[in-house]
Amino acid sequence: MKKPTKSNTRIEFHIPREERLRIVESQRKFCADLADRLEAGDSLSDFERAWAAGALRGWVDLIGDEATDKRKDRRKIEYGNVAMHYACLRKSKGMKHDAAIAELAEVNGVSQRTIETAIGKYGKAAMRMIPKVAKK
């Protein structure tokens, strides 16, 4: 059995893009309104105070000790190689897209977004190069 990691224990819920955009807009409005109220010195509900405190505590964990380089992930991997590995996982092992992305991100020590970018550039060509293995 695989040892639980961040990438294989997370449950993802897929929602339509329009719904996601509506939710994001609602969250942005809530945050902007709360920020305005904080700046104005308005009183906050218990929920708003707890939410603001939680957001600030969460932000503390995101402050890195080192300067960040947004290109760091791109220098760690060869996009073509990752796309070929992705094609092998999908066609030879029959892995689902999300599982293959998560595994490649973990193996390569980069974000899932970086893996998605690599596949976006070279994935179609890699998928054509790898034959599908018939299940016995």
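The values are calculated or read from the model by the stated rules, or taken from the named source; none is laboratory data. Note that the structure is predicted; figures quoted are calculated from it, not measured. Cβ: placed from backbone, ideal geometry, glycine included. Neighbour counts: every protein chain shown.
Within region 1-27, residues that are under 29 Å from Asn108 (Cα atoms) sit with their Cβ atoms under 7 Å from residues that are assigned to a helix (DSSP H, G or I) and modelled with pLDDT of 65 or more, at 6+ positions apart or across chains, in these pairs: Thr5/Glu106; Ser7/Ala102; Ser7/Ala105; Ser7/Glu106; Asn8/Ala102; Glu12/Asp98. Candidates are the residues of region 90-136 that are of a type in the set (Ser, Thr, Tyr) and in a helix (DSSP H, G or I); the one that is farthest from Ile77 (Cα to Cα) is Tyr122. What about Arg49, is it out of contact with any His (no Cβ under 9 Å at 6 or more places or on another chain) and either surrounded by 12 or more Cβ atoms within 10 Å (Cβ to Cβ) or modelled with pLDDT of 90 or more (or both)? Answer is yes for this residue.
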